[in-house]
Amino acid sequence: MKKFIPNDFEIPSGFLTDKMKARILTVNDVVKDYEAVMTSVEHLQGVFGSNSTWPSPNMSLEQDLIDLGWHQKEFQCRSSFAYTVMAPDESVCLGCFYIYPYDKDGYDAIVYMWVRKSEFDKGLDPILEKEVREFMKKWPFQKVLFYGRTDG
């Protein structure tokens, strides 16, 4: 089985712009993540595909904590990578993006991303997409699918 990333690859910690700070998602982000998700449930449905049930309108804080713990563990195992996107001062969660293995049609990885509804309405989504596309150039992938975007 092909490894997702080489053992010696140093995983980028994130990025900082004047509009956002992207960093590794951990269980410590649960309160801000939960608030961002629950204020944007309808807007976020389908982010992971039409068959995805995330986010459920009745998701509990505990369920979100479990999800974040799972993402954090996968990051530690280097099997997938979840980043939270915060305001630069960390006052509010603006969204997230996730990097998963993907071995169809010549792709090495797939990236899913979302922006909370209030920030989507302010035009943050294309800004985040541009930053994430640039960030992905630091990774050892030849071809990345950005799910639900112009190339996928």
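The values are calculated or read from the model by the stated rules, or taken from the named source; none is laboratory data. Values in this document were obtained by computation on a predicted structure and should not be read as measured data. Positions of Cβ are backbone-derived with ideal geometry, glycine not excepted, and every protein chain shown enters the neighbour counts. What goes into the accessible areas is simple: the full protein's heavy atoms, side chains included, and nothing from ligands, DNA or RNA. Shrake-Rupley method; radii C 1.70, N 1.55, O 1.52, S 1.80 Å.
Selection of first residues in segment 110-139 that are open to solvent by 60 Å² or more (accessible area, probe 1.4 Å) and of second residues that are in a helix (DSSP H, G or I), restricted to Cβ pairs under 7 Å at least 6 apart or on distinct chains, gives the following pairs, ordered by first then second residue: Lys117/His43; Phe120/His43. Scanning segment 11-46 for residues that are farther than 23 Å from Arg78 by Cβ, open to solvent by less than 80 Å² (accessible area, probe 1.4 Å) and among the aliphatic types (A, V, I, L, M) returns Met20, Ala36, Val37, Met38, Val41, Leu44. In the set Val41, Val30, Val47, Val37, only one residue is more than 24 Å from Pro126 (Cβ to Cβ) and β-branched (Val, Ile, Thr); that residue is Val30. As a summary of the residue check, Pro140 satisfies the conditions (1) within 20 Å of Asp18 (Cβ to Cβ); (2) in contact with a Pro (Cβ under 8 Å, 6 or more places away or on another chain) except for the one numbered (1). Note on segment 66-92: residues that are among the polar types (S, T, N, Q), surrounded by fewer than 16 Cβ atoms within 10 Å (Cβ to Cβ) and under 17 Å from Lys32 (Cα atoms) total 1. Filtering segment 98-115 for residues that are in contact with a Gly (Cβ under 6 Å, 6 or more places away or on another chain) and within 21 Å of Trp54 (Cβ to Cβ) leaves a non-empty set.
For segment 47-65, the set of residues classified as exposed (fewer than 12 other Cβ atoms within 10 Å of the Cβ) and of a type in the set (Val, Ile, Thr) consists of Thr53 only. Segment 1-108 holds helices (runs of 4 or more DSSP H) entirely within its bounds, and those carrying 3 or more residues that are farther than 25 Å from Phe141 by Cβ and modelled with pLDDT of 95 or more map to 30-38, 61-77.
Here is a yes/no grid of residues against (1) hydroxyl-bearing (Ser, Thr, Tyr); (2) in contact (Cβ under 8 Å) with a residue 24 or more places away in the chain; (3) under 22 Å from Arg133 (Cα atoms):
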position	(1), (2), (3)
Ile5	no, yes, yes
Leu16	no, yes, yes
Lys19	no, yes, yes
Val30	no, yes, no
Val37	no, yes, no
Val41	no, no, no
Gly49	no, yes, yes
Thr53	yes, no, no
Pro57	no, no, no
